[in-house]
Structure formats: structure tokens, C-alpha cells
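Peer 1: What follows is a single structure, and I will ask about it in a moment.
Quick note: the coordinates plus some simple rules give every number you see, no bench work behind them. All of these numbers come straight from a predicted model, not from anything done at the bench. Cβ: placed from backbone, ideal geometry, glycine included. Neighbour counts: every protein chain shown.
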Amino acid sequence: MDGPLENHLRFLRKASTEQMPHSGRGLFDHLLGTRRLLAEWGARPVLCDAGLFHSVYSTEYYEQKAIPLTMRDEVAQLIGDEAESLVWLFCMMRRETLNQNLHRDKDLSVQHRSTGKWIPITRVQFQDLITMTFANCLEAFPRCSWHVRRGIRRGLRRYWTAATQPAQNALDRIDVRWWEVWK
């Protein structure tokens, strides 16, 4: 492991992410697995760093906070402003509002899940949020119940056209094994 990654992992361990349950294992392992998928898909380093921290402030579906929002500056110092901004967006957005950008060329935005305010996003941020969504869901997929797996496949299918080729390929691999949905 390189020095920066070791520092990131040390920070996450200090935040007790190893003891926080997530999809049948600890949050730490899920975060690391999400980063691993992004790296395998050839994602740029900023997105890999965001993937490693993607749910530390809690999300719409994962309510446990490993790191309070008051520590955003510290996280930004560790992983950089762009990566931290993606983490914050991923944690704060209402997931369903990401869909509304699928066929837009401009004026992209997501809705803050607590305040209801609309947050403008760039095309790059939209693409990164889609890619992070795929990595987050597909990392947990094997440990989910058949009902949840069916929902994951259905949910990710809606983003198919906006997904990167590696993310599409990863979804195809689980689609081919449709019989496993019933396990």
C-alpha cells in the first residue's frame, strides 16, 4: 500500500468503521471493497478516494455516521477537496433525484435529503456519482438477500446509459447469473 492510502485507512479505523455493521460485514471492509472496485474499473484517483469514504457522513439508506459533518475540513485535507465534495454529495443527496438528470444536458442538480434544497452538480460530478453508486451497490450485492439483490439490479439498470463501460460490464456479470437472485 502507498503512504496516502495507509493514512486514509488509519483515519477510517480511528473513526471505528471496522465496528460499524454494513451489508453483513463492517463498514470499513465495505468502504475498502468499494474503492477496490473503482480502482479495478480504472476510475481516476479522486473517485477512488471518494469511494473509500463514500458513506462516512451517513446516507439516505445508511444512517450511521462514522464521521460527523463538523470534520469535513479534516476529511478534505486528507483526500482533497474534490473527493470530499463527492463524498458529501453522495451522503447528502436524495438518491431518486439523481435519476432526474439522466436525460439532461444542462442544469444538473440533486436534492439535499435533509433540507430539500437543490444542489447544482457538474456533468463530471453526475458521472462520478453514478459510478460510485454502481460500486457501492455491486460491492455489497453478494451479501444481500435475494429481494435486495433484485432491487439493486433494477435500480442500477435505470442508470445503464450513464454508466461507464466497466460499471456496465460489472452489472452484466451479475445479470448473467439471474438464478442467484433467488438464493
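Peer 1: From the P(r) of region 3-182, can you give the percent of Cα pairs sitting at distances over 22 Å?
Peer 2: More than 22 Å apart: 43 percent of the Cα pairs in region 3-182.
Peer 1: Considering the chain as a Gaussian network with a 10 Å cut-off on Cα pairs, which listed residue, MET71, MET93, MET20, attains the greatest mean-square fluctuation?
Peer 2: Looking only at MET71, MET93, MET20, the largest GNM fluctuation is found for MET71.
Peer 1: Taking the Cα centre of region 3-182 as origin and charging only Cβ (+1 Lys, Arg; -1 Asp, Glu), how large is the dipole, in debye to the nearest 20?
Peer 2: The calculated dipole for region 3-182 is roughly 580 debye.
Peer 1: Once the Cα gyration tensor of region 98-155 is diagonalised, what are the square roots of 5 times its eigenvalues, in whole Å and ordered largest first, as equivalent ellipsoid semi-axes?
Peer 2: 26, 13, 10
Peer 1: Right, something else. What size of dipole, in debye to the nearest 20, comes out for region 1-97 about its Cα centre when the only charges are +1 on Lys and Arg C-beta atoms and -1 on Asp and Glu C-beta atoms?
Peer 2: For this selection, approximately 220 debye.
Peer 1: For GLN127, project a label point 7 Å along Cα to C-beta. Then give me every residue of region 100-115 with its amide nitrogen under 20 Å of that point.
Peer 2: Answer for region 100-115: 100-110.
Peer 1: Something else: When the label point is put 7 Å from the Cα of LEU5 along its Cα-to-beta-carbon vector, which residues of region 32-58 have a backbone N closer than 20 Å?
Peer 2: 32-56, by backbone N distance to the label point.
Peer 1: Once label points are set 7 Å from the Cα along Cα→Cβ at both ARG72 and GLN168, what is their separation, rounded to one decimal in nm?
Peer 2: 3.5
Peer 1: Same structure, new question: At 0.36 nm per residue, minus the direct Cα-Cα distance, what do ARG157 and ARG143 gain on full extension? Give it in nm, one decimal, please.
Peer 2: 3.1 nm
Peer 1: Related question: Which one, ILE67, VAL124, ALA135, is farthest towards the positive end of the dipole of the chain when Lys and Arg carry +1 and Asp and Glu -1 on their Cβ?
Peer 2: Selected residue: ALA135.
Peer 1: Please work out how much length the chain gains when fully extended from ARG95 to ARG36, using 0.36 nm per residue of separation minus the C-alpha to C-alpha distance, in nm with one decimal.
Peer 2: Residue separation times 0.36 nm, minus the Cα-Cα distance, leaves 19.0 nm.
Peer 1: Something else now. Determine the calculated [θ] at 222 nm for the chain from helices alone, applying -39500 (n - 2.57) to every DSSP H run no shorter than 4 residues and normalising by the residue count; nearest 500 deg cm²/dmol.
Peer 2: -17000 deg cm²/dmol
Peer 1: Something else: Less than 12 Å Cβ to Cβ from LEU98, Lys/Arg counted +1 and Asp/Glu -1: what total charge do the surrounding residues give?
Peer 2: +2
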